[in-house]
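Each remark here refers to the structure printed beneath this line.
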Amino acid sequence: MSPLTTSFFPCWAFFEACVGLGQETLGTTTMAVGRAFGMHEELIRVIGLMQDSRMAVYVHEGTDGSGIRLREMVTARACRAICPSG
C-alpha cells in the first residue's frame, strides 16, 4: 500500500466522498450540526476551508528559503509550501 493512501484517505473521506441528493460530506454535515449546536465559528471556518480545498498532485520545484516551491500538475498553479517534517 502506498504511504499516500493512509495520509490522503481521511481528507478524501471527510471532505470529498459525497452522498445523497445534496452531495453532503462529513465536512458539510459537521459544519451544519456545529452551527446548530454552537460550535466555535473559527473551527467551522477551518472545516469550511478544508471542505473547499481539493487534493492534487504537485511537482517539487526546489526549495525557497525555509519553504518548498510546488507546481500543481493539472492547473500549473505555482505555490509555496512549508514542510513540517523538514
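Read-outs: derived from the displayed coordinates by stated rules, not from any lab. Small disclaimer: the values here were computed from a predicted structure and weren't measured. Virtual Cβ from ideal backbone geometry, glycine too; neighbours counted across all protein chains shown.
Miscellaneous remarks
- Members of region 50-68 found to be without any contact (Cβ under 8 Å) to a residue 12 or more places away in the chain and surrounded by 11 or more Cβ atoms within 10 Å (Cβ to Cβ), listed by number: 60, 63
- Members of region 56-66 that are in a strand (DSSP E or B) and among the polar types (S, T, N, Q): 63
- Entry remark, region 2-55: residues being among the small types (Gly, Ala, Ser) and assigned to a loop (DSSP other than H, G, I, E, B) number 6 in total.
- Residues satisfying the criterion are absent from region 6-14 (criterion: surrounded by 10 or more Cβ atoms within 10 Å (Cβ to Cβ) and more than 26 Å from residue 81 (Cα to Cα)).
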